[in-house]
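A quick write-up on the structure given underneath.
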Amino acid sequence: MRCSRAMNKPLTERIDAAEGSGGRVSLDAYERADGYSAARAAITSMTPEEVQGVVKDANLRGRGGAGFPTGVKWSFVPMGDAAGPGHKYLVCNADEMEPGTFKDRYLMENDPHLLIEGMLIGAYAIQADRGYIFIRGEYHDAARRLEQAIAEARAKGYVGDQVFGSSFSVELAVHRSGGRYICGEETALLNALEGKRAEPRTKPPFPPVSGAWGRPTIVNNVETLCNVPAILRNGAAWYHALGVGEDAGTKVFGVSGRVRNPGLWELPMGTPIRELLEVHAGGMQDGFELRGILPGGASTDFLTAEHLDLPMDYGPIQAAGSRLGTGTMIVIDDSVCIVDLSRNLQHFFAQESCGFCTPCREGLPWIEQLLADIEEGRGQPGDLELLEKNAEFIGAPGNTFCLHATGAMEPMNSALKYFRAEFEAHIEQGGCPLRHGKAG
Amino acid sequence: MSEVVNVQLISALSKAETAAIEAEIAHLPNRESAAISALRIVQERRGWISDESLHAIAHLLGMSAHALDSIATFYNLIYRRPVGRHVLMLCDSVSCYVMGYAGIREALIEKLGIHEGETTADGRFTYLPNVCLGACDRAPVLMIDEDLIGNVAPEGLDEVLARYE
């Protein structure tokens, strides 16, 4: 399974090489750069358990936000007769809606065959005969590119009956979503895929045992699946060596906000926050200072300037009280009012609650309203204690079916922890001292 | 519903719409599972989902119109009211907020003369708020129909809007 070609940017090297064609990797270009060789080798010469084993050994962890080990997840799927009669499903979560996150769209639009090859290998590893790419409704270009790529792969015999001339068959299709952030939650996504309201399901049972249409189902993020071909081609040891910290592989990291050069870069797992901000994103724009970051999307806790030397690995970011999340960070500068920013975040979470569980449906709009009161000068002494008490109840895992409200309270609690003086100043001064900031 | 009414409602879907919906059903375990895809397919051709369209789709899928409506109204990209010739979605999520969303919103409301959820009197634009559009390195961002437009500034809005008649 070894190949002389050992990429150190397995996710984006082909996109960089396709600069001449606008970064769009064609099927020809993909195959010239060893594309589909890993899927062909895995499907024609390895057992599903061997494929699972390589991914487990590589310690690939979910890139959608939760960081669960992919190979371990795959191993929960019942195999052979134990699965019972009927389909098994591999679903790619391409519902990229975590605010501040823009990595999966980049991968799908520019190198759709990489995702398809990852899905072929994943489907083979769990012996799924149906694969769906669940893509958010606003990603028109990415959906078209994927549909075209599936058709190209089918014409070559890579998708459909007896792929690569083997006895393994798998159908792939793109499902375009009707909207709503909650579809990114894996059981809500499965309900949406089944054509229902996207309300999360109670767990257990977990999807690997009972998922889409009650059948064993694995849901993996786009970037996670895009890692799989190179892992199979180059091996677990190679993948471990790519990371510079405790986690394996590379990651498409991103930075947005008032930095000089916002963007995406594929870098080793464990790259320090400071390197991302100062080297790749070019530091803060003139006239702006860093106040904090949301390291991995809107539902991750704030970190501040004291955390910049932390490596972007799952463990250290968690130890600092936050989450790696999607690895695409939002930079908060000194023109931003933290109370009004918190109101913006809670407006998002309140609006995007599916409305099923009471603490989330009723609690999040209540938090948003309290923040609006504080911002607009109607704050009262004791409001912050009230906010904390309710945030604790709303955010406690187990009070709701899914982690939507829990995620909502991560930036809320950490805003109170790091920027409490600013909240107090709003209440004491009867309104926003910054008046929505110097940047407008 | 009587048989006669049903026949009329089925005829409300075009052959092309029915064929596109049946193609979705073909790769799903049952007909109702195509509900969201069917709503999208019809909306792509008609701009929105009228009661008549809703009933016709529900009949084709073998489900009640009420059940389909509870699904249609859950999803923000399914429109149960008429929209303008162009749908403009302005991102109001955190990266765009940090990069000046408020100024863009103010300028849009002034130029279009409408607020979120409304359509201009000439039927040209419907303005909707939207969550993160996944182009945060180019914030602030908006989407008109299927076009993603980044690095929007209040002073550049006229030029952007002029492209959509």
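Among the residues making up the range A:180-228, those that are small (Gly, Ala, Ser) and under 24 Å from B:ILE41 (Cα atoms) are A:GLY184, A:ALA188, A:ALA192, A:GLY195, A:ALA198, A:ALA212. The set of residues from the range A:300-329 being assigned to a helix (DSSP H, G or I) and not small (Gly, Ala, Ser) comprises A:GLU306, A:HIS307, A:TYR314, A:PRO316, A:ILE317, A:GLN318. For the range A:138-168, the candidate set comprises residues that are in contact with a strand residue (DSSP E or B) (Cβ under 7 Å, 6 or more places away or on another chain) and small (Gly, Ala, Ser); within that set, the residue that is nearest to A:SER75 (Cα to Cα) is A:GLY160.
Condition first: away from chain B (no Cβ under 14 Å) and either modelled with pLDDT under 95 or touching a Ser or Thr at 6+ places or on another chain (Cβ under 8 Å) (or both). Can you find one or more residues in the range A:35-50 that meet it?
Scanning the range A:35-50 turns up at least one residue that is away from chain B (no Cβ under 14 Å) and either modelled with pLDDT under 95 or touching a Ser or Thr at 6+ places or on another chain (Cβ under 8 Å) (or both).
Would you pick out the residues in the range B:118-130 that are within 14 Å of the chain's Cα centre (by Cα) and either within 14 Å of chain A (Cβ to nearest Cβ) or touching a residue at least 24 places away in the same chain (Cβ under 8 Å) (or both)? Correct list: B:THR119, B:PHE125, B:THR126, B:TYR127, B:LEU128, B:PRO129, B:ASN130.
Please indicate, with yes or no, whether at least one residue in the range A:146-158 is modelled with pLDDT of 95 or more, of a type in the set (S, T, N, Q) and not in a helix (DSSP H, G or I).
no
The numbered conditions (1) touching a residue at least 60 places away in the same chain (Cβ under 8 Å); (2) buried (at least 20 other Cβ atoms within 10 Å of the Cβ); (3) touching a helix residue (DSSP H, G or I) at 6+ places or on another chain (Cβ under 7 Å) are all true for A:GLY71 except (1). The residue pairs whose first member lies in the range A:145-162 and is under 17 Å from B:HIS27 (Cα atoms) and in the same structural domain as A:ARG24 (by TED's automatic domain parsing), whose second member is in a loop (DSSP other than H, G, I, E, B) and modelled with pLDDT of 95 or more, and whose beta carbons are closer than 8 Å, counting only pairs six or more residues apart or on different chains, are A:ILE150/A:VAL159; A:GLY160/A:SER169; A:ASP161/A:SER169. Can you tell me which residues in the range A:231-258 are closer than 28 Å to B:CYS136 by Cα and over 22 Å from the mean Cα position of the chain (by Cα)? Within the range A:231-258, just A:ARG258 meets the criteria. Look at A:ASN191 and say whether it is within 28 Å of B:GLU24 (Cβ to Cβ), assigned to a helix (DSSP H, G or I), in the same structural domain as A:LYS56 (by TED's automatic domain parsing) and not basic (Lys, Arg). Yes, satisfied. Looking only at the range A:403-431, filter to residues that are farther than 17 Å from A:TRP366 by Cβ and polar (S, T, N, Q); which one of those is surrounded by the fewest Cβ atoms within 10 Å (Cβ to Cβ)? Out of the qualifying residues, it is A:GLN429. Here A:VAL331 fits the description: closer than 17 Å to A:GLY100 by Cα and either without any contact (Cβ under 8 Å) to a residue 24 or more places away in the chain or surrounded by 19 or more Cβ atoms within 10 Å (Cβ to Cβ) (or both). Taking each residue of the range A:84-105 that is closer than 16 Å to A:GLY137 by Cβ and facing chain B (nearest Cβ under 7 Å) and looking for partners that are part of a loop (DSSP other than H, G, I, E, B) and basic (Lys, Arg) with beta-carbon atoms closer than 6 Å, six or more apart or interchain, yields A:MET97/A:ARG136. Restricting attention to the range A:33-55, does a residue exist that is within 27 Å of A:SER169 (Cβ to Cβ), touching a His at 6+ places or on another chain (Cβ under 9 Å) and of a type outside the set (A, V, I, L, M)? Looking through the range A:33-55, at least one residue is within 27 Å of A:SER169 (Cβ to Cβ), touching a His at 6+ places or on another chain (Cβ under 9 Å) and of a type outside the set (A, V, I, L, M).
Scanning the range A:327-345 for residues that are more than 9 Å from every other protein chain (Cβ to nearest Cβ) and within 15 Å of A:SER414 (Cβ to Cβ) turns up A:MET329, A:ILE338, A:VAL339, A:SER342. Would you mind stating whether A:TRP265 is within 11 Å of another protein chain (Cβ to nearest Cβ), surrounded by fewer than 22 Cβ atoms within 10 Å (Cβ to Cβ) and of a type outside the set (Val, Ile, Thr)? In short, yes. How many residues does the range A:112-137 hold that are within 30 Å of B:ASP145 (Cβ to Cβ), touching a strand residue (DSSP E or B) at 6+ places or on another chain (Cβ under 6 Å) and either not β-branched (Val, Ile, Thr) or not assigned by TED's automatic domain parsing to the domain that holds A:LEU90 (or both)? Result for the range A:112-137: 5. Listed by first and then second residue, the pairs linking a residue in the range B:54-72 that is among the basic types (Lys, Arg) to a residue that is assigned to a helix (DSSP H, G or I), with Cβ atoms under 6 Å apart and 6 or more places separating them unless they lie on different chains, form an empty list.
Which of the residues that make up the range A:208-246 are surrounded by fewer than 24 Cβ atoms within 10 Å (Cβ to Cβ) and part of a loop (DSSP other than H, G, I, E, B)? A:PRO208, A:VAL209, A:SER210, A:ARG215, A:GLY235, A:GLY243, A:VAL244, A:GLY245, A:GLU246, listed by residue number.
The values are calculated or read from the model by the stated rules, or taken from the named source; none is laboratory data. As the structure is a computational prediction, the values presented were derived from the model and not from experiment. For neighbour counting, all protein chains shown are included, and Cβ atoms are generated from backbone atoms with ideal geometry for every residue, glycine included.
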